[in-house]
1. On a 0 to 90 degree scale, rounded to 10, what angle separates helix 172-198 from the longest Cα axis of the chain?
2. Rank Ser162, Ala198, Met125 by how far each Cα sits towards the positive end of the charge dipole of region 89-201 (+1 on Lys, Arg Cβ; -1 on Asp, Glu Cβ) and give me just the farthest.
3. Calculate what fraction, in whole %, of the accessible area of the chain sits on carbon and sulfur atoms when a 1.4 Å probe is rolled over the protein chains.
4. If amide H atoms are built 1.01 Å from N in the plane of the peptide, which residues on other chains or at least 5 residues away come under 5 Å of the amide H of Thr93?
5. Could you work out the helix-only [θ] at 222 nm for the chain, with each DSSP H run of four or more residues adding -39,500 (n - 2.57) and the total divided by the number of residues, to the nearest 500 deg cm²/dmol?
6. What does the net charge come to around Gly59 if you take all other residues with beta carbon closer than 14 Å to its beta carbon, with K and R at +1 and D and E at -1?
7. For region 1-130, report the accessible area per residue in Å² (1.4 Å probe, heavy atoms, rounded to an integer).
8. Which of rounded, prolate or oblate describes the chain when judged by the alpha-carbon gyration tensor and an a/c cut-off of 1.5?
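The values are calculated or read from the model by the stated rules, or taken from the named source; none is laboratory data. Keep in mind the model is a prediction, meaning the values are calculated, not measured. Every residue, glycine among them, receives a Cβ derived from its backbone with ideal geometry; neighbour counts consider all protein chains shown. Only protein heavy atoms, including side chains, enter the accessible area calculation; ligands, DNA and RNA are left aside. Shrake-Rupley method; radii C 1.70, N 1.55, O 1.52, S 1.80 Å.
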Amino acid sequence: AELSQLFRLAATAGKRSRTQVRLSAAPLSVAGQAVALMEQAAGDLHGRRALVIGNGEMGRLASSLLVARGCDVTVTLRSYHHGQTIVPAGCHTIAYGDRMQRAADCDILLSATTSPHYTVALDDMKQLAQVPSIVCDLSMPRDIEPAVRELDDVAVFLDMDSMGGRDVHVDADDRRQVERIIDEEMAEFARWRSYREALPL
């Protein structure tokens, strides 16, 4: 019963943190850092084919930076609304559902969404005839299953941890807000536990 209550309150703390504190978006400078690390590890990116999953602010910036490096960039779209959907200049587009078919033809796979689920799972990658040699996950929580880094053909794997850790991208005020939420839920657990222990009396 105590474990059940702890898990319930942990889930509540997580949901409150996601809705009350803006933690899902890393600073946009991370996109520039990621592209620089790609160049450092893999050399000139000119002529490389890239797939960017996600057309939010981070995805658009990463796409623009890759285009500026001479990459042939394709961006996924979940839906298209004329005059409302912004597609970075020089980028091709495909439907989100076609992302893995396109990934098989790419050298670079970068994901930057706010999805609560993996956009790229290990099994998805294993089914590809050719795996992208550069894989980059700019999302919190993760978009790409971490085990993807173990694939033989993945030469460069970047995520928020390998670029210095997620915590460095969390604002100090945001951290305090999350810690306050955790303290409140732990206090709720202490009240519940005290009540439960007092019931027999």
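1. 40
2. Ala198
3. 51
4. Correct list: Val75.
5. -13000 deg cm²/dmol
6. 0
7. I get 53 Å² per residue for this part.
8. Details: a/c = 2.36, a/b = 2.16, b/c = 1.09.
Prolate, since a/c reaches 1.5 and a/b exceeds b/c.
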